[in-house]
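A quick write-up on the structure given underneath.
Nothing in this text is a laboratory measurement; each read-out follows from the coordinates by a stated rule. All figures in this text were calculated on a predicted structure; none of them were measured in a lab. Ideal geometry is used to build each Cβ from the backbone, glycine not excepted, and the neighbour counts take in all protein chains shown.
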Amino acid sequence: MPISRHGNRPEETQGNHLESTYRLVCGKSQGDESRAGGGRDLAREFEEQVERLAALPKASNGCLEKPFASGQEHEVFEAEDPDFIYRLTLHGTFGVLLRAGMRIDKVTQAYVTFLHLTTATPAEYLRRLTLQNDVFGNVFEFVGIHYGTHGAAIVTSHPYIAGGPATDDEIAQFMEALAFRRVPEEHVQNDTMNAFTWYRATDAVLITDAAPRNFKKTGDGHIIPIDLVVQHWPGLDERLGFFGAQFSS
């Protein structure tokens, strides 16, 4: 699957630095900060992880002056190498992810689990990128930490991807071919995400923000995800009350 104009970087470098950076920021040799478990002191985790960012390499200001694109999570800059681009989280924030909550069903009056979008910790953001590399073959790499008026930001790079947007139908076919199943909209609180959330039970991967703006369709017809929220969440299908074919491969 081609994801850049002149191919990928050497296989042995792909994701290795990103994975080790995640482990350092996470503060443990192994773990899964992307899973939104209960009982966690997220405010404390966030503060401790931001402190650990100070030990990481600093990103140069050279190519981080005038973004050519920006969104709710990132600013995007041209890299020195025209085959790559830099992506910087908005200062003081580190993207988003889904967490679980409880609410009362209006019909049954029973408590049910739902998913809602919230801010991620630095380690959860890095884990999101390592998972996207693993699941979709992307080549996100850690560049460094950049500091601004509102705090730290994580800078990563990935290959420039030429192409236009994919359609909803093309994305659905792409996700279903990879054994993902759409999470029913009533289980996702955010109106902007409830049609774009998918789960694969075989390896417990949860995807959200799988909207057309976050995919590219290349000239030869390949569908390439470029900015998804990817999490590892074992047992989510059971927690939401779905079994059998709905979330099976």
Q) Looking only at residues in region 211-232 that are buried (at least 17 other Cβ atoms within 10 Å of the Cβ), of a type outside the set (Val, Ile, Thr) and out of contact with any Ser or Thr (no Cβ under 7 Å at 6 or more places or on another chain), which one is farthest from Asp191 (Cα to Cα)? A) Lys217
Q.
Of the conditions (1) out of contact with any Lys or Arg (no Cβ under 6 Å at 6 or more places or on another chain); (2) assigned to a loop (DSSP other than H, G, I, E, B), Ala166 satisfies every one except a single condition; which number is it?
A. (1)
Q. Within region 141-153, is there a residue that is among the hydrophobic types (A, V, I, L, M, F, W, C) and either touching a Phe, Trp or Tyr at 6+ places or on another chain (Cβ under 6 Å) or not in a strand (DSSP E or B) (or both)?
A. no
(Q) Can you say whether Ala153 is more than 27 Å from Glu65 (Cβ to Cβ), buried (at least 19 other Cβ atoms within 10 Å of the Cβ), touching a Ser or Thr at 6+ places or on another chain (Cβ under 8 Å) and not aromatic (Phe, Trp, Tyr), as far as the supplied structure shows? (A) no
Q: Kindly list, by first and then second residue, each pair from a residue in region 50-64 that is surrounded by 12 or more Cβ atoms within 10 Å (Cβ to Cβ) to a residue that is β-branched (Val, Ile, Thr), limited to pairs with Cβ atoms under 6 Å and residues at least 6 apart or on different chains.
A: Arg52/Val25; Leu53/Ile145; Leu56/Ile145; Lys58/Ile145; Ala59/Val143; Ala59/Val155
**Q.** Matching option when the condition is in contact with a Lys or Arg (Cβ under 6 Å, 6 or more places away or on another chain) and either surrounded by fewer than 19 Cβ atoms within 10 Å (Cβ to Cβ) or assigned to a helix (DSSP H, G or I) (or both), among Ala179, Ala172
**A.** Ala179
Q: Please determine, by comparing only the residues of region 210-244 that are aliphatic (A, V, I, L, M) and touching a residue at least 60 places away in the same chain (Cβ under 8 Å), which one is farthest from Met175 (Cα to Cα).
A: Leu240
Q | region 87-124: number of residues that are of a type in the set (Ser, Thr, Tyr), crowded, with 18+ Cβ neighbours inside 10 Å and in contact with a helix residue (DSSP H, G or I) (Cβ under 6 Å, 6 or more places away or on another chain) | A | 1
